Ligand code: CP3
């Protein structure tokens, strides 16, 4: 650490080093629950915001300035690299993201390109450089990507899915096509994340948001090898956080696939999750985002419960169990962040 770089508690916790308090950030900490973000969204589409580094930088910094979180996360989306693979992507006002290019079988998968990050997602890399410049070391900047499986599920389903019928049937019935698709996505994820690290991302979170839809044996056979390759190829340049939702039963496999820190949702007590994955990794989580709609008193109580479950062991990063929901009162987010800082003082 140089004299100019402050000791970043978030990065220290990723390495399971002791910190004076538990660092905290929130998934989706920049977004629609903030009036400044909504004001920008009146003038620009979500994709325009992502693709305009000045605006994406401004949004990335909003929660750092307003909430005193201990890390920034670049304002982008897990689906952005798909455009460079040849996919026509949209974010309609309702109903979640929409993938307009039909990807069903081997023929379609063959047409998908491996991205060149500097050419295909220059705006994400430029945003990372600008945010680092603006932060001047105040807090570290997290970069991110979807995991190969979660990206595959968006490609095959065309958007959100309840049952993942197309994804799972391809996986089981056409293992050759599945392998081709997952290999391509794995290469994309690795290239995309290496470029983010090179641009200045100081930690990386890999979102395998939908992995929890899988039977453990299927995760192990059809997803694990690719996720593991992502972690192996990224190595130990920066801390890596591995996150999935609804995946309690998969936690041992997720840990084995890789990550310095495992992110968990609220469906398991944090202490139990940490015991399950082992104390040789850090743990991130896990307040139910809906709790932020209750009262300051209940929020503080829940923060206390989660901190107690972590038991002062170095390596806990406080977060929600999933992203901040639209409509969340900003004041309540501030209550949570302040409670974590106050109640975890050691
Ligand atoms: O955490 C942050 O503050 C960084 C920004 C971020 C966004 N998306 C911005 C966004 C991150 C880390 C993501 C990741 C992401 N995107 C995931 C994985 C994490 C998760 O939440 O499970 C997934 C599955 C996506 C795909 C995606 N993008 C969905 C499902 C949606 C629509 C959901 C909704 O709330 O309508 C998006 C759009 C999106 N990504 C928005 C934001 C701020 C809302 C865009 C808007 O309407 O302004």
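Those residues that are farther than 14 Å from residue 293 by Cα and crowded, with 16+ Cβ neighbours inside 10 Å, I need them from the stretch 307-321; list them, please.
Listed by number, the residues that qualify are 307, 309, 310, 314, 315, 316, 317, 318, 319, 321.
Counting only residues that are surrounded by fewer than 22 Cβ atoms within 10 Å (Cβ to Cβ) and in contact with a helix residue (DSSP H, G or I) (Cβ under 9 Å, 6 or more places away or on another chain), which one in the stretch 60-77 is nearest to residue 146 (Cα to Cα)?
77
Go through (1) assigned to a helix (DSSP H, G or I); (2) touching a strand residue (DSSP E or B) at 6+ places or on another chain (Cβ under 7 Å); (3) buried (at least 20 other Cβ atoms within 10 Å of the Cβ) one by one and return the number of the condition residue 292 breaks.
Every listed condition holds for residue 292 apart from (2).
Can you list the helices (runs of 4 or more DSSP H) lying wholly within the stretch 114-209 that have 2 or more residues being within 16 Å of the ligand (Cβ to nearest atom) and farther than 30 Å from residue 317 by Cα?
Qualifying helices (runs of 4 or more DSSP H): 148-157.
Test residue 102 against the stated conditions and say whether it is closer than 26 Å to residue 167 by Cα and at pLDDT 95 or above.
No, not satisfied.
With the structure loaded, tell me whether residue 27 is closer than 30 Å to residue 166 by Cβ and within 11 Å of the ligand (Cβ to nearest atom) or whether it fails that test.
Criteria met by residue 27.
Between a first residue in the stretch 203-216 that is more than 11 Å from residue 150 (Cα to Cα) and a second residue that is more than 10 Å from the ligand (Cβ to nearest atom) and assigned to a loop (DSSP other than H, G, I, E, B), which pairs have beta carbons less than 8 Å apart while being 6 or more apart in sequence or on different chains?
203/71; 203/140; 203/238; 203/239; 204/238; 204/239
Report yes if residue 145 is buried (at least 17 other Cβ atoms within 10 Å of the Cβ), within 17 Å of the chain's Cα centre (by Cα) and either in contact (Cβ under 8 Å) with a residue 40 or more places away in the chain or within 17 Å of residue 84 (Cα to Cα) (or both), otherwise no.
Taking the combined requirement at face value, the residue satisfies it.
How about the stretch 32-102: which helices (runs of 4 or more DSSP H) wholly inside it have at least 2 residues that are without any contact (Cβ under 8 Å) to a residue 24 or more places away in the chain and within 12 Å of the ligand (Cβ to nearest atom)?
The qualifying helices (runs of 4 or more DSSP H) are 35-43.
The values are calculated or read from the model by the stated rules, or taken from the named source; none is laboratory data. The structure presented is a predicted model; accordingly, all values stated were derived computationally and were not measured. A quick note on method: Cβ atoms are made from the backbone with ideal geometry, for glycine too, and the neighbour counts reach across all protein chains shown.
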